[in-house]
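Structure, as structure tokens:
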Amino acid sequence: MARSIVILTGAGMSAESGIATFRDSDGLWENHRPEDVATPEAFAADPDLVHRFYNARRRQLTDGVVAPNAAHVALARLEHELDGDLLLVTQNIDDLHERAGSANVLHMHGELLRSRCRACDSVSEFRGDVDASTRCPVCGTEGEMRPHVVWFGEIPLGMDQIFTALERCDVFAAVGTSGNVYPAAGFVQMARAAGAHTVELNLEPSWVNTDFEETRLGPAGTVVPQWVDEVLGA
Ligand code: BV8
């Protein structure tokens with residue numbers, strides 16, 4: 001019988017690929033809490049600091065070493081082999097799901113490899129550093145580029161599509177997310193209210209673990225392929 005699955009991934013999905021999670025290493029970057037740098041106020045106050053934050057992460061993502069792990073590969077297989085439909089919603093701004101072969105990825109918090117022009121609102125791919133001297137490839141304006149990333153206090157992307165999918169799914173799985181950040185952390189309650197089976201795949205119980213019917217603890221690279229095998233075998 002055709003399935004309808006929604007999967008939400010977070011920073012723990014990319015941890016085994018070498019990308020630090022928000023709450024690893026006591027969650028600091030250059031002695032700043034990421035939550036304090038990933039805000040419109042921080043960008044207005046010190047754009048160079050915020051550009052440095054994203055340039056460092058972009059350099060790591062494109063360094064040729066960081067690569068998708070077994071969990072990314074398993075979710076791509078699930079998308080291609082599932083008899084039904086799958087919406088993969090990620091809070092992550094890396095491109096590891098796409099590099100593993102996932103095609104239908106919704107980056108609700110934006111994408112590290114794309115930047116947006118505040119003059120013309122166009123979004124362009126930038127794989128290198130972006131700073132106050134970067135020119136918009138569409139309108140040519142200099143110094144108005146910002147990461148195409150959803151900061152704290154900004155509205156996540158694709159919410160209508162996500163809400164519609166949550167209302168009709170029969171399985172909701174969250175992978176590698178601490179359940180700290182809303183509205184993503186509230187998706188499990190919406191899925192349960194719609195009658196979906198809910199499962200959390202995480203290294204440790206998240207802040208919203210009690211909202212899930214099923215919990216599988218362990219590194220994503222181990223527990224996600226096992227779960228995908230079961231879903232495809234069912
Ligand atoms: C919004 C892009 C209105 C930037 C990010 C009180 C109630 C409700 C809301 C709020 C509230 N107070 C403040 C808010 C609003 C705020 C919020 O939730 N703040 C938090 C701090 C309380 N939210 C917002 O501002 C959002 N916007 O609310 O708009 C609205 C609401 C509804 C509908 C429309 C509009 C916007 C938030 C987006 C912020 N941008 N990212 C960037 O990346 O630089 S959030 C960023 O942090 C990530 O994208 C991610 O979402 C979050 C980090 O969370 P996780 O992914 O969970 O990562 P974390 O490190 O926390 O946890 C990792 C987990 O993995 C851990 O559990 C760990 O155990 C596990 N793990 C580790 N290793 C592994 C592993 N698991 C498996 N395998 C492993 N190997």
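The values are calculated or read from the model by the stated rules, or taken from the named source; none is laboratory data. Note that the structure is a prediction, hence the values are computed from the model and not measured. Neighbour counts are summed over all protein chains in view; Cβ atoms, including those assigned to glycine, are modelled from backbone coordinates with ideal geometry. Ligands, DNA and RNA are stripped out before the accessible areas are found, and what is left, the full protein with its side chains, is counted by its heavy atoms. Shrake-Rupley method; radii C 1.70, N 1.55, O 1.52, S 1.80 Å.
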### Query
Where the Cα atoms of segment 108-234 are projected onto their three principal axes, how long is each span, largest first, in whole Å?
52, 29, 28
### Query
Carbon and sulfur: what percent of segment 1-131's accessible surface (1.4 Å probe)?
49 percent
### Message
Angle check, please: helix 159-168 long axis (alpha carbons) against the longest principal axis of the chain (alpha carbons), in degrees 0 to 90, nearest 10.
### Response
0 degrees
### Query
Unpartnered cysteines of the chain (Cβ-Cβ under 4.7 Å counts as a partner)?
C169
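Set the Förster radius R0 to 41 Å, insert the Cβ-Cβ distance between D63 and D170 as r into 1/(1 + (r/R0)^6), and round the FRET efficiency to 0.05.
0.55
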### Task
Just reorder W207, W29 by solvent-accessible area, largest first, 1.4 Å probe, all chains present.
W207, W29
### Task
Could you please tell me the mean projected area of the C-alpha convex hull for segment 174-233, averaged over all directions and given in square nanometres to one decimal?
4.0 nm²
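I'd like the projected area of segment 1-102, averaged over all directions, using the convex hull of its alpha carbons. Report it in nm² with one decimal.
Mean projected area for segment 1-102: 7.3 nm², to one decimal.
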### Task
Specify the angular offset, from 0 to 90 degrees and rounded to the nearest 10, of the alpha carbon long axis of helix 70-81 from the longest principal axis of the alpha carbons in the chain.
60 degrees
### Message
From Cα pairs below 8 angstrom and at least 6 apart in sequence, can you work out the relative contact order of segment 1-131, rounded to a whole percent?
### Response
30 percent
### the chain: Cα Rg divided by the 2.2 N^0.38 Å rule of thumb
1.02
### Message
Antiparallel versus total DSSP beta bridges in segment 1-118: what percent is that, nearest 5?
### Response
10 percent
### Task
Considering Cα pairs under 8 angstrom that are at least six residues apart, work out the relative contact order of the chain and quote it in whole percent.
24 percent
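Just add up the charged neighbours of N180: K/R +1, D/E -1, any other residue whose Cβ is under 14 Å from the Cβ of N180.
That sum, taken over residues with Cβ under 14 Å, equals -3.
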### Message
Testing the spin-label approximation: label points 7 Å from Cα along Cα→Cβ at D48 and L82. State their distance in nm.
### Response
4.6 nm
### Task
Compute the accessible area per residue over the chain, keeping the other protein chains in place, probe 1.4 Å, unit Å².
46 Å²
### Query
Pairing the Cα long axis of helix 47-61 with the longest principal axis of the chain, what angle in degrees results, from 0 to 90 and rounded to the nearest 10?
50 degrees
### Query
Hey, any idea what % of segment 141-234's accessible area is carbon plus sulfur with a 1.4 Å probe?
52 percent
### Message
Test of understanding: what is the full-extension gain from D121 to Q226, defined as 0.36 nm times their sequence separation minus their Cα-Cα distance?
### Response
33.6 nm
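May I ask you to compute the full-extension gain from L217 to A194, defined as 0.36 nm times their residue separation minus their alpha-carbon distance, rounded to one decimal in nm?
5.8 nm
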### Query
Under 18 Å from a point 7 Å along the Cα-to-Cβ line of R23: which residues of segment 178-198 have their amide N that close?
178-189
